[in-house]
Amino acid sequence: MTVTSPLLITGGTGTLGRLVVPRLRDAGCNVRILSRRSHESGDGIEFMIGDLATGEGLEAALDGIGTIVHCAGSSKGDEGKARNLVRAASRSGARHLVYISVVGADRIPVVSGLDRTMFGYFASKRAAENVVADSGLPWTTLRATQFHDLMLTVAQQLAKLPVMPVPAGVRYQPIDAGEVAARLVELSLGKPSGLVPDIGGPRVYESTELLRSYLRASHRHRLLMPVRLPGKAARAVRAGANLAPEQAVGHRTWEDFLAERLR
Ligand SMILES: NC(=O)c1ccc[n+]([C@@H]2O[C@H](COP(=O)([O-])OP(=O)(O)OC[C@H]3O[C@@H](n4cnc5c(N)ncnc54)[C@H](OP(=O)(O)O)[C@@H]3O)[C@@H](O)[C@H]2O)c1
């Protein structure tokens, strides 16, 4: 399918967005990327400067845009970013807003300050989902499990310590960000579909197993120290609220990813 008006990708410079952009180009689409910094445009990719946290630059970035793929995000404040985007997109007459959220956004109760400190990200993704769903714009939201890249970053940080603390009883189902990108592109080129089935990696791992694979692949030796996280949110995560085992549709495993990335 060839789309003539460009699609706007927020977060097109990030881990996921960087993988969405070439797939859209391969599908024959022109792409506009919103970023807080300037980049050189070219080859069907136009960069526009804007900040979703302030709303600055959004009006110009959305001019002539039909479909928005909203991949920008950070550990905090995604609700506000979504609100600013939706406000500007409603004014510009966008026809489809595609949003990437996280598995567990609706199932991890963030009640106490402690919950918020450790799992506030999930609450902010849930709040952003609601902003998208209530926007009045036609929308599609996909929830994904953690990307391999994120798990690797966490493992590398923890490995700086002589003993690696591991959240006891917590499991993960990491997925290849390229596979999430491919699904997002498919959704972006299709009709607005509301909340679509989750996307999860091929296998569920104990957190200790994930870290041991990392240590093996990076030829390191560390002791692992299981730490039991307190609070309701942590309890929900131990019960598997961050997993989508029935949607284990990803193919590339954590071990494959590590073998390639740490080669
Ligand atoms: N990582 C995971 O495991 C995971 C799992 C499920 C869902 N998700 C979701 O997937 C999305 C992408 O994650 P990622 O890991 O690819 O993120 P990332 O690598 O950290 O990239 C973040 C992107 O957001 C943009 N951004 C951040 N704040 C912005 C602002 N105020 N205005 C405009 N752009 C802003 C950045 O653009 P500039 O720096 O160029 O401005 C960057 O391109 C996020 O919504 C995340 O919640 C991630």
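The values are calculated or read from the model by the stated rules, or taken from the named source; none is laboratory data. Quantities reported herein were computed from a predicted structural model and do not represent experimental measurements. A quick note on method: Cβ atoms are made from the backbone with ideal geometry, for glycine too, and the neighbour counts reach across all protein chains shown. Ligands, DNA and RNA are excluded from the accessible area calculation, which covers all protein heavy atoms including side chains. Shrake-Rupley method; radii C 1.70, N 1.55, O 1.52, S 1.80 Å.
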**Study point:** Residue among F147, S38, L195 farthest towards the positive dipole end of the chain, charges placed on Cβ
**Key:** F147
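Two-decimal Rg/Rh of the range 1-98 from alpha-carbon positions, Kirkwood Rh? Each step should come with its number before you reach the end.
On the way: Rg = 12.2 Å, Rh = 13.2 Å.
Across the range 1-98, the Cα-based Rg/Rh ratio is 0.93.
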Check your understanding: With labels modelled as points extended 7 Å from the Cα through the Cβ direction, what inter-label distance (nm, one decimal) is found for N130 paired with R263?
Key -> 4.6 nm
Exercise for review: Return the sequence-ordered ³J(HN,Hα) values of the range 54-59 in whole Hz as given by the Karplus equation 6.51 cos²θ - 1.76 cosθ + 1.60 applied to θ = phi - 60°, using x for Gly and Pro.
Suggested key: 10, x, 5, x, 6, 4
Point to revise | Cut-off under 5 Å, modelled amide H: who pairs with V102 long-range | key: A144
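How much FRET efficiency would the formula 1/(1 + (r/R0)^6) give for S218 and R238, where r is the Cβ-Cβ distance and R0 is 25 Å, rounded to 0.05? Write down the numbers at each step before the final one.
Numbers: r = 27 Å, r/R0 = 1.07.
Once rounded, the FRET efficiency stands at 0.40.
Trypsin sites (Lys or Arg not before Pro), restricted to the range 1-75: which are DSSP loop and have at most 14 other Cβ atoms within 10 Å?
Working: sites: R18, R23, R25, R32, R36, R37; in loops: R36, R37.
Sparse-neighbourhood loop trypsin sites (Lys or Arg not before Pro): R36, R37.
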Check your understanding: So what's the Cα pair-distance distribution over the chain, bin width 5 Å, in %?
Key -> 1, 6, 13, 16, 18, 16, 13, 9, 6, 2, 0, 0
Revision key, fill the gap. Per the rule of 0.36 nm per residue minus the C-alpha distance, extending K76 to R36 adds in nm 12.8 nm
Review point. If the cut-off is a Cα-Cα distance under 28 Å, which lysines reach K125, setting aside same-chain residues fewer than 8 apart in sequence?
Key: K76, K81, K191, K232
Exercise for review: Return the sequence-ordered ³J(HN,Hα) values of the range 116-127 in whole Hz as given by the Karplus equation 6.51 cos²θ - 1.76 cosθ + 1.60 applied to θ = phi - 60°, using x for Gly and Pro.
Suggested key: 5, 4, 8, 10, x, 4, 5, 5, 6, 5, 5, 5
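What FRET efficiency do you get for M225 and S112 if R0 is 22 Å and r is their Cβ-Cβ distance, rounded to the nearest 0.05?
On the way: r = 24 Å, r/R0 = 1.09.
After rounding to 0.05, the efficiency reads 0.35.
With every protein chain present, what is the per residue accessible area of the range 72-167 (1.4 Å probe, Å²)? Could the numbers behind the result be given before it?
Values: 4130 Å² over 96 residues.
About 43 Å² of surface per residue is accessible.
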Review point. Can you tell which of G73, G14, G200 shows the greatest fluctuation in a Gaussian network model of the chain with Cα springs below 10 Å?
Key: G14
Check your understanding: Tell me, what is the percent relative contact order of the range 114-185, built from C-alpha pairs under 8 Å that lie six or more residues apart?
Key -> 34 percent
Revision key, fill the gap. Ranked by GNM mean-square fluctuation in the chain (Cα springs under 10 Å), the top entry among G42, G169, G12 is G42
Practice item. Using θ = phi - 60° and the Karplus relation 6.51 cos²θ - 1.76 cosθ + 1.60, list the HN-Hα couplings for the range 176-183 in order, rounded to whole Hz, with x at every Gly or Pro. Key: 6, 5, x, 6, 5, 4, 4, 5
Check your understanding: Relative contact order, percent, of the chain when contacts are C-alpha pairs under 8 Å separated by at least 6 residues?
Key -> 19 percent
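Counting each DSSP H run of 4 or more residues in the chain as -39500 (n - 2.57), what helix-only mean residue ellipticity at 222 nm follows after dividing by all residues, to the nearest 500 deg cm²/dmol?
-11500 deg cm²/dmol
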Practice item. Summarise the long-distance tail of P(r) for the range 60-134 by giving the % of C-alpha pairs beyond 15 Å. Key: 54 percent
**Study point:** Contour minus Cα-Cα distance for V163 and S193 (0.36 nm per residue)
**Key:** 6.2 nm
Point to revise | Residue-span extension gain [E255 to E56] - 0.36 nm each, minus C-alpha spacing | key: 67.5 nm
Study note, to complete from the structure: Ranking S213, N84, C29 by how far each Cα lies towards the positive end of the charge dipole of the chain (+1 on Lys and Arg Cβ, -1 on Asp and Glu Cβ), the top one is S213
Exercise for review: Restricting to the chain, compute how many DSSP beta bridges are antiparallel as a %, nearest 5.
Suggested key: 10 percent
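If you restrict to DSSP beta bridges whose two residues both lie in the range 1-157, what percentage is antiparallel, to the nearest 5?
Working: 2 of 24 bridges.
Taking every DSSP beta bridge with both residues in the range 1-157, the antiparallel ones total about 10 percent.
What part of the accessible area of the range 191-241, given as a whole %, is carbon or sulfur when the probe is 1.4 angstrom? Provide the component values of the computation, followed by the final result.
Values: 1660 of 2950 Å².
Carbon and sulfur together cover 56 percent of it.
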